[in-house]
Amino acid sequence: MKKLLALLFSFFLSSVSYGETYTCAYLFDGKARALSLERVGNNFINDWGANWTIVTEDENAIVLSITFTQSPSSAFMILVDKEKLNFVNVGIEFGNSTDIIEGDCTVNR
């Protein structure tokens, strides 16, 4: 019985899909900042807890998005280049879009 419980527990832990974490550095208003994106299941969670949807992914890149539909509506997109290990991020909102930020990343698997 203990072996069965141990097997079920290890299966449960392996089925919770925690994958790589991208840690990216960038400058914003002349100050060094960081962005952390951790793969959890089929999404990425950033360091302040926002849940980013994977729009598309292949061996070269990951495209993430998050959308807010309450007024004012806005959408944000992150492109992570897996080969060059860099990223670009932008938010769009009518009349109030963000600056484009970009920087280099490291990945921990």
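The values are calculated or read from the model by the stated rules, or taken from the named source; none is laboratory data. In this text the structure is predicted, and so the values were computed from the model without any measurement. All Cβ positions, glycine included, derive from the backbone under ideal geometry; neighbour counts span all protein chains shown.
Restricted to segment 66-109, the set of strands (runs of 3 or more DSSP E) holding at least 2 residues that are loosely packed, with under 13 Cβ neighbours inside 10 Å comprises 101-108. Restricted to segment 18-50, and to residues there that are of a type in the set (Phe, Trp, Tyr) and part of a strand (DSSP E or B), the residue that is surrounded by the most Cβ atoms within 10 Å (Cβ to Cβ) is Phe44. The test for being within 13 Å of the chain's Cα centre (by Cα) and surrounded by 13 or more Cβ atoms within 10 Å (Cβ to Cβ) does not hold for Thr53. The set of residues in segment 54-74 being closer than 19 Å to Lys84 by Cα and of a type in the set (Gly, Ala, Ser) consists of Ala61 alone. Ser71 falls short on exactly one of the conditions (1) of a type outside the set (A, V, I, L, M); (2) modelled with pLDDT under 95; (3) under 16 Å from the mean Cα position of the chain (by Cα), and that condition is (3).
Within segment 54-80, residues that are more than 20 Å from Asp104 (Cβ to Cβ) have Cβ atoms under 6 Å from residues that are modelled with pLDDT of 95 or more and acidic (Asp, Glu) in these pairs: Pro72/Glu93; Ser74/Glu93, counting only partners at least 6 apart in sequence or on another chain.
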